[in-house]
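The values are calculated or read from the model by the stated rules, or taken from the named source; none is laboratory data. Everything numeric in this text was worked out from a predicted model, so none of it was measured. Counting neighbours? That spans all protein chains shown, and the Cβs are built from the backbone with ideal geometry, glycine included. Heavy atoms of the whole protein, side chains included, go into the accessibility calculation; ligands, DNA and RNA do not. Shrake-Rupley method; radii C 1.70, N 1.55, O 1.52, S 1.80 Å.
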Amino acid sequence: MHNKVFGIIGGDKRIVYLAKSIIKDGYPLYIYGFDLLSEASGLPELPLDTLIELSDNIIFPVPVTKDGATIYAPYSSKEIRPESDFIISLSGKNVYGGLMNKLVSKNDLWSMVNYSDYYTREDFAVNNAVPTAEGAIAIAINEYEGNLTGSKCLITGYGRIGKILNKMLVSLGADVTVAARKKSDLAYARAMGAKAKPYNEIHEAYDIIFNTVPEVVIKGKLLSKQKENSLIIELATLPGGIERKTALEKGIRIIDAQSLPGKVSPKAAGEYIKEAVYNLLEE
């Protein structure tokens, strides 16, 4: 692989595992933004401008930013602000990050930078669906008062996460219903052992609802049927797919469970980022 020097700016524990994995592959690598994290001790840390100067490939975390103004760096003692000089210094580098649009839309100078969003890649998304589904089930086991086996579960949406959740929940003995729009998705869900219905036919009470849809699909009529001890696990990007005011008035508990791979499987999540970045470099 050409352009072998990597620089990592900001991120959480996923990125530390990513850094260690790249070093294990034999590539030079420098980090910035981890001075508050003991697990990052021993990794070669450089001042920001030096890191950019020496690196061919710059990797930002996922998300690159949460507020649109600073690089997501929860373990940095200093804010990392991508001002104009910072962006210009990235010109000529290969830049990789997750959910880049929230950052690059803030400054036209990003048009000078060769950046790629690994979060939008299918290989990355499929890889991340597995720890997301595992993490969601772990939350359900810990937070639901009954057994998962025999519980009535609803999965809203049948994308990558919905498909894997369906398979895992059925294998655990849950009574699974899938709500989706496409007839092909409904047919596939049935083939995988679930009941399947379009949204307008979902009117029952469920013990646990897993939402994977980033638009409001869990609302009035469905929420009115739920019990007070029903549990909703929100997996979609906020604001998510739940009519929250109605749910809270009903007393239904909502657990926000975004970015589960980084929380439950940071090592695996770091490997997924590395795989996506390597694939982008090769392509």
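Here are the numbers:
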read-out	value
The chain: most fluctuating residue of V170, V62, V213 per GNM, C-alpha cutoff 10 Å	V170
Solvent-accessible area per residue, Å², over the chain with all protein chains present [probe radius 1.4 Å]	47
Per-residue ³J(HN,Hα) for the range 258-269, Karplus 6.51 cos²θ - 1.76 cosθ + 1.60, θ = phi - 60°, Hz, x for Gly and Pro	7, 6, 4, x, x, 8, 9, 9, x, 5, 4, 5
Vicinal HN-Hα couplings computed from phi for the range 170-181 (Karplus, 6.51 cos²θ - 1.76 cosθ + 1.60; Hz; Gly/Pro x)	4, 5, 8, x, 6, 8, 9, 10, 10, 10, 7, 8
Cα shape, the range 1-56, gyration tensor, a/c 1.5 rule	oblate
M168 accessible area, 1.4 Å probe, all protein chains in place, Å² to nearest 10	40
Cα gyration tensor category, rounded, prolate or oblate, for the range 75-121 with a/c compared to 1.5	oblate
With every protein chain in place, the chain: carbon and sulfur % of accessible area (1.4 Å)	50
With all protein chains modelled, accessible area of D25 [1.4 Å, Å²]	70
The chain shape via C-alpha gyration tensor axes, a/c threshold 1.5	prolate
Subset of K4/K267; K66/K219; K167/K274; K221/K250; K163/K221; K13/K78 violating a 20 Å alpha-carbon distance limit	K4/K267; K66/K219; K167/K274; K163/K221
L36 - accessible surface, heavy atoms, 1.4 Å probe, Å² rounded to 10	110
Solvent-accessible surface ranking, highest first, for Y158, Y27 at 1.4 angstrom	Y27, Y158
Local electrostatic count, K13, Cβ distance below 15 Å [Lys/Arg +1, Asp/Glu -1]	+1
Protection proxy ranking of 178-186, 46-54 - average other beta-carbon atoms within 10 Å, highest first	178-186, 46-54
Residue order for V130, V176, V5 - accessible surface, 1.4 angstrom probe, largest first	V130, V5, V176
Whole-Hz ³J(HN,Hα) from phi, Karplus 6.51 cos²θ - 1.76 cosθ + 1.60, for the range 81-98, glycine and proline x	9, x, 6, 4, 4, 4, 5, 4, 5, 7, 4, x, 9, 8, 10, 10, x, x
